[in-house]
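Here is the structure we will look at, set down as structure tokens.
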Amino acid sequence: MDFTIFPPEFNSLNIQGSARPFLVAANAWKNLSNELSYAASRFESEINGLITSWRGPSSTIMAAAVAPFRAWIVTTASLAELVADHISVVAGAYEAAHAAHVPLPVIETNRLTRLALATTNIFGIHTPAIFALDALYAQYWSQDGEAMNLYATMAAAAARLTPFSPPGADRQPGRAGQTL
């Protein structure tokens, strides 16, 4: 979508607020990543403890059967961290777009002033001021549209993520085809 087709009032209105929801979401994903990494570490520690005390073919089969689940936890932790990073990029893009936009009250003042001058433009006395306001408004239009286009591009790029797999999706069944 090309945001330069929309007037600056539309674009400025749609970029109000803050990046706080993005930052909260990024933090939640980072926390999930940390928890999953911790779980993978504990999982491996427990399995190693079992293998040390429980020897023989059953121990080897059990270790092989649970290895894909540990790998899934590690992979999911990495993906969760990647999601956190991507959301942080979107938050940064949002903040940059917000900072680059012309504040809505500035645009409204421009339009109201132009309207007041146009309605009292007897014999063209306000024509130069009207042209100046229109030129400024055109700059607002361009500035807001470009800021939104950049934000949309960065957000779309950050939204491209590796899909999550369910646990055991790539797991090979054990010798008897048993599942956990």
Exercise for review: Return the pairs, sorted by first residue and then second, in which the second residue is in a loop (DSSP other than H, G, I, E, B) and not small (Gly, Ala, Ser), the first residue lies in region 1-12 and is touching a residue at least 12 places away in the same chain (Cβ under 8 Å) and surrounded by 15 or more Cβ atoms within 10 Å (Cβ to Cβ), the beta carbons are less than 9 Å apart, and the residues are 6+ apart or on different chains.
Suggested key: 8/101; 8/102; 11/101; 11/102; 12/101; 12/102; 12/103
Practice item. Scan region 73-113 for residues that are of a type in the set (Asp, Glu) and in contact (Cβ under 8 Å) with a residue 60 or more places away in the chain and jot them down. Key: 95, 108
Practice item. List every residue pair whose Cβ atoms lie under 8 Å apart, where the two residues are 6 or more positions apart in sequence or sit on different chains, the first residue falls within region 140-161 and is within 27 Å of residue 77 (Cα to Cα) and of a type in the set (Asp, Glu), and the second residue, located anywhere, is part of a helix (DSSP H, G or I) and modelled with pLDDT under 95. Key: none
**Study point:** Filtered residues of region 20-56 (kept if of a type in the set (A, V, I, L, M, F, W, C) and modelled with pLDDT of 90 or more)
**Key:** 22, 23, 24, 25, 26, 28, 29, 32, 36, 39, 40
Review point. Regarding residue 140, is this residue closer than 29 Å to residue 113 by Cβ and modelled with pLDDT under 95?
Key: no
Exercise for review: Can you confirm whether region 122-131 contains a residue that is farther than 23 Å from residue 16 by Cα and polar (S, T, N, Q)?
Suggested key: yes
Exercise for review: Out of the residues in region 116-150 that are of a type outside the set (A, V, I, L, M), surrounded by 15 or more Cβ atoms within 10 Å (Cβ to Cβ) and closer than 17 Å to residue 9 by Cα, state the one that is farthest from the chain's Cα centre (by Cα).
Suggested key: 137
Check your understanding: Can you spot a residue in region 49-58 that is assigned to a helix (DSSP H, G or I) and in contact with a Ser or Thr (Cβ under 8 Å, 6 or more places away or on another chain)?
Key -> yes
Review point. Does residue 112 fit the bill of being loosely packed, with under 15 Cβ neighbours inside 10 Å, assigned to a helix (DSSP H, G or I) and either of a type in the set (S, T, N, Q) or under 15 Å from the mean Cα position of the chain (by Cα) (or both)?
Key: no
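The values are calculated or read from the model by the stated rules, or taken from the named source; none is laboratory data. Quantities reported herein were computed from a predicted structural model and do not represent experimental measurements. Glycine gets a Cβ as well: all are built from the backbone with ideal geometry, and neighbour counts include every protein chain shown.
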